[in-house]
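The values are calculated or read from the model by the stated rules, or taken from the named source; none is laboratory data. In this text, all values refer to a predicted model and were calculated from it rather than measured experimentally. Glycine gets a Cβ as well: all are built from the backbone with ideal geometry, and neighbour counts include every protein chain shown. Just so you know, the surface numbers come from the protein's heavy atoms only, side chains and all, with ligands and any DNA or RNA stripped out. Shrake-Rupley method; radii C 1.70, N 1.55, O 1.52, S 1.80 Å.
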Amino acid sequence: MTFEQYLQTSLSALKRNRSRTGLTILGIVIGIAAIILIMSLGKGAQKLILSQVQGLGTKSVVVVPGRQLEGPPSTVGLESLKKRDLEELSKPYNVPHAAHVIPLIFGNDITEYESENFRAQIYGSSDQMPVIFDADPVEGMFFSQDDVVGSANVVVIGSKVNTELFPNGGGLGSRIKIKDKSFKVVGILPSKGASSLINFDDGVIIPYTAAQNYLFGTKHFDRILVDVDTEANIDITIEDVKQTLRMTHDIDDPTKDDFSIVNQKDLADRVGVITTALTYFLAAVAAISLLVGGIGIMNIMLVSVTERTREIGLRKAVGATTKNILLQFLFESVVLTLLGGIIGIILGTTASFVASVVIGRLASFEWTFIFPIGGAVLGIVVSTIIGLIFGVYPARQAARKSPIEALRYE
Amino acid sequence: MSNIIEVTNITKSFKDGDRVTEVLKGVSFSVPKGQFVAIMGRSGAGKSTFLYQLGLLDHPTSGELMLDGVDILKLKSEERTRFRLERLGYVFQDYALLPDLTAIENVVLPLLMQNVPDDIAYEKSKQALMRVGLEKRMYSLSNKLSGGEQQRVSIARSIAHDPKILFADEPTANLDSESSENVISIFKELHKQGQTIVMVTHEADYGKITDRTVLLADGVIIEDTINAHS
């Protein structure tokens, strides 16, 4: 018999028992759909996390005050980054590969405009901020170096702050209040979503001098960002930053550093590895249902062999060889699992697409739907293999039947 | 006339635990080409078992079996299947049709198993169905056909590949008299065309249409008669 004839025979046998066929492949459908869903959502989550981590660009180095990233959690030195550090790090002979160096101060407070108010993230930074974050205003402009030097009461507001405080527009040039201090809106940012450091949409950005003097009453920075000229110079720049800060902080013993450095590229790589490992782990858990589905198929195929004993005997009586019968039943189980695999891929893809739309809307993330091609190929291959493995035993049982005994079977 | 079937001292035993039942106790028998033989006997005499051995649906415990000049017991299992497929035809008492297939699909099945190209296989099947008078029912599902029609499909399937020997196991046992006559007339016609036929039957009347009647009892041939009309 030809491949086509085996396929036809298998399909017509499966069509004969449509509801049983459907129930039999359910395990495979669920297993493959779960794998596709997990892989798709895993890749979507990975992309989202990476985009947040990489919001700064992978050639940024973040200086964090204190030693909280190494050893036991500590609050020692949380105020260790000062204006002098910023000035020293900005000097080309200290950190020659630094393209830009900016400070960051974080806080949150109520912003008010007439009767409207909104709790916003407050960021104090320098005029260089839009260069590093690629955050140029859509209306107005970013504050200038003079504003920073003069502690000007100016603010650049995020898109959500704009719509909350100025539902009827007209935000640019207006004056908003933060902690009863009045700030003039000089720029409005486009919708940008969130990165690991900054939530632009919910944020207001003011000169760091104004933030220190008028809002927080502090003299330190929460972060200093060093934008490196090229990725190749990251390691050397990290060393330069360390040396410069040790010099300004009078630290001789590196274990006594009152700062730590986060390398965005390493962070991105680590996040990538973790999310990939997590995705594969979850997919492996989902694969257990494939095993259960495979056993289900074997069970039903064994029932089918018993039920079709007479048919097997008849086929043998009219000339089917043992190999013919073996192949016929193997074909049936492979067609069954392959069908389950294809339905599972369609179902999993649809579910992950719907999930990506829902997550994107509910959590206002920029969640991207990703079709896991690898997962789909794996689904097809795995379901075929399951069909082969779990189909062999029933097929052998069928092929071994003697035609006479099978024909006598009622 | 040369013998197309040569059986020498065939035995067949079945084991059921420690108990061994000998159903055929050394049967010797030969059939010349073109002969129409009726094998008769009471229930349990071993008729069907004997036919299964001749039709290669079963394997004798001992003895010799030559069909169409081939020493069958020396063939491997796959070779025997192929031999049966190509040179023998078998008509079963209960038709043994696949109920979900049409008449022509049932007939074509053994030809496809022989790897006969589709177009030739279907043409031969059509011819066979025409020979048994079923040209108008060839696309009907076999389970929608009457008993007589189903048996005619079964005959068409057994002759579509022009077998050297045709075996029939009580082909009219499940049929009414009109259908039985119909089926028997097909066998007569096939015989007239030179077909070798070995038929197990209960019907003593069929002695009138066959060349020879062999009577089996308790696993041995007790009577072998050449019928007067032949």
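Considering segment A:307-325 alone, what residues qualify as being part of a helix (DSSP H, G or I) and either among the hydroxyl-bearing types (Ser, Thr, Tyr) or at pLDDT 85 or above (or both)? Reasoning before the result, please.
From segment A:307-325, those part of a helix (DSSP H, G or I) are A:307, A:309-317, A:322-325; that's our starting set.
Result: A:Thr309, A:Thr322.
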>> Looking for something in a loop (DSSP other than H, G, I, E, B), surrounded by fewer than 20 Cβ atoms within 10 Å (Cβ to Cβ) and at pLDDT 90 or above - is there at least one such residue anywhere in segment B:44-51?
In response: no
>> Can you find, within segment B:209-226, the residue that is modelled with the lowest pLDDT among those that are open to solvent by 30 Å² or more (accessible area, probe 1.4 Å) and not in a strand (DSSP E or B)?
In response: B:Ile209
>> Quick check on segment A:276-288. Is at least one of its residues farther than 30 Å from A:Gly27 by Cβ and of a type in the set (S, T, N, Q)?
In response: no
> What are the residues in segment B:95-125 that are surrounded by fewer than 18 Cβ atoms within 10 Å (Cβ to Cβ), more than 7 Å from chain A (Cβ to nearest Cβ) and charged (D, E, K, R), if any?
Replying inline: B:Asp118, B:Asp119, B:Glu123
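Is it fair to say B:Glu79 is of a type in the set (Asp, Glu) and more than 14 Å from chain A (Cβ to nearest Cβ)?
Details: of a type in the set (Asp, Glu): yes; more than 14 Å from chain A (Cβ to nearest Cβ): no.
Taking the combined requirement at face value, the residue does not satisfy it.
Of all residues in segment A:267-324 being of a type in the set (Val, Ile, Thr) and within 14 Å of chain B (Cβ to nearest Cβ), which is farthest from A:Thr2 (Cα to Cα)?
First pass over segment A:267-324, keeping only residues of a type in the set (Val, Ile, Thr): A:271, A:273-276, A:279, A:285, A:288, A:292, A:295, A:297, A:300, A:303, A:305-306, A:309, A:312, A:318, A:321-322.
Checking which are within 14 Å of chain B (Cβ to nearest Cβ) leaves us with A:309, A:312, A:318, A:321-322.
Numbers: A:Thr309: 23, A:Ile312: 18, A:Val318: 17, A:Thr321: 14, A:Thr322: 15 Å.
Selected residue: A:Thr309.
Does A:Phe166 qualify as being of a type in the set (Phe, Trp, Tyr) and under 22 Å from A:Ala98 (Cβ atoms)? Working first, answer last.
Details: of a type in the set (Phe, Trp, Tyr): yes; under 22 Å from A:Ala98 (Cβ atoms): no.
Criteria not met by A:Phe166.
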>> If I filter segment A:130-152 for residues that are crowded, with 18+ Cβ neighbours inside 10 Å, in the same structural domain as A:Asp180 (by TED's automatic domain parsing) and among the charged types (D, E, K, R), do I get at least one hit?
In response: yes
>> Is it the case, given these coordinates, that A:Leu347 is modelled with pLDDT of 80 or more, open to solvent by 40 Å² or more (accessible area, probe 1.4 Å) and over 22 Å from the mean Cα position of the chain (by Cα)?
In response: no
> Can you tell me which residues in segment B:63-94 are under 17 Å from B:Ile159 (Cα atoms) and either of a type in the set (Lys, Arg) or part of a helix (DSSP H, G or I) (or both)?
Replying inline: B:Thr81, B:Arg82, B:Phe83, B:Arg84, B:Leu85, B:Glu86, B:Arg87
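In segment A:102-119, which residue that is aliphatic (A, V, I, L, M) and out of contact with any Asp or Glu (no Cβ under 6 Å at 6 or more places or on another chain) is least open to solvent (accessible area, probe 1.4 Å)? I'd like the intermediate steps shown before the answer.
As a first pass, look at segment A:102-119 and keep what is aliphatic (A, V, I, L, M): A:102, A:104-105, A:110.
Now narrow it down to the ones that are out of contact with any Asp or Glu (no Cβ under 6 Å at 6 or more places or on another chain): A:102, A:110.
Working: A:Ile102: 0, A:Ile110: 56 Å².
Of everything passing the filter in segment A:102-119, A:Ile102 is least open to solvent (accessible area, probe 1.4 Å).
Please go through segment B:155-193 and pick out each residue that is part of a helix (DSSP H, G or I), among the charged types (D, E, K, R) and buried (at least 20 other Cβ atoms within 10 Å of the Cβ). It would help to see each step written out before you state the result.
Initial filter on segment B:155-193 (part of a helix (DSSP H, G or I)): B:155-159, B:177-192.
Next, from what is left, pick out any that are among the charged types (D, E, K, R): B:157, B:178, B:181, B:188-189, B:192.
Once the filter is applied, which keeps residues that are part of a helix (DSSP H, G or I), among the charged types (D, E, K, R) and buried (at least 20 other Cβ atoms within 10 Å of the Cβ), segment B:155-193 yields only B:Arg157.
Could you identify the single residue in B:Ser48, B:Ser77, B:Ser140, B:Ser62 that is within 15 Å of the chain's Cα centre (by Cα) and at negative phi? Lay out the reasoning, then the answer.
Numbers: B:Ser77 fails: within 15 Å of the chain's Cα centre (by Cα); B:Ser140 fails: within 15 Å of the chain's Cα centre (by Cα); B:Ser62 fails: within 15 Å of the chain's Cα centre (by Cα).
Within the list B:Ser48, B:Ser77, B:Ser140, B:Ser62, the selection yields B:Ser48.
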>> Can you tell me which of (1) touching a residue at least 40 places away in the same chain (Cβ under 8 Å); (2) part of a strand (DSSP E or B); (3) farther than 30 Å from A:Asn17 by Cα is the one B:Pro60 doesn't meet?
In response: (2)
>> If a residue must be touching a residue at least 60 places away in the same chain (Cβ under 8 Å) and closer than 14 Å to A:Leu189 by Cα, how many such residues does segment A:162-176 contain?
In response: 0
>> Just to verify a result, which residue in segment A:351-410, among those that are in contact with a Gly (Cβ under 7 Å, 6 or more places away or on another chain) and closer than 18 Å to A:Ile49 by Cα, is modelled with the lowest pLDDT?
In response: A:Glu366
> Is it the case that segment B:69-87 has a residue that's within 30 Å of A:Ser12 (Cβ to Cβ) and surrounded by 22 or more Cβ atoms within 10 Å (Cβ to Cβ)?
Replying inline: yes
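Restricting to segment A:240-268, what's the tally of residues that are open to solvent by 80 Å² or more (accessible area, probe 1.4 Å) and assigned to a helix (DSSP H, G or I)? Outline the logic, then answer.
Taking segment A:240-268 and keeping what is open to solvent by 80 Å² or more (accessible area, probe 1.4 Å), we get A:243, A:247, A:250, A:252, A:255-256.
Filter once more, so that each one left must be assigned to a helix (DSSP H, G or I): A:243, A:247, A:255-256.
Matching residues across segment A:240-268 total 4.
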> What do you reckon, is A:Ile370 away from chain B (no Cβ under 14 Å), of a type in the set (A, V, I, L, M, F, W, C), assigned to a helix (DSSP H, G or I) and more than 30 Å from B:Leu112 (Cα to Cα)?
Replying inline: no
>> When you scan segment B:139-154, do you find a residue that is outside any loop (DSSP other than H, G, I, E, B), aliphatic (A, V, I, L, M), within 14 Å of another protein chain (Cβ to nearest Cβ) and surrounded by fewer than 18 Cβ atoms within 10 Å (Cβ to Cβ), even just one?
In response: yes
> How many residues are under 13 Å from the mean Cα position of the chain (by Cα) and either outside the structural domain of A:Ser40 (by TED's automatic domain parsing) or closer than 20 Å to A:Ser383 by Cα (or both) if we restrict to segment A:272-288?
Replying inline: 1
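Among the listed residues B:Leu56, B:Leu88, identify the single one that is facing chain A (nearest Cβ under 10 Å), under 12 Å from the mean Cα position of the chain (by Cα) and farther than 23 Å from B:Lys25 by Cα. Step through it out loud before you land on a result.
Working: B:Leu56 fails: farther than 23 Å from B:Lys25 by Cα.
Checking each option against the conditions leaves just B:Leu88.
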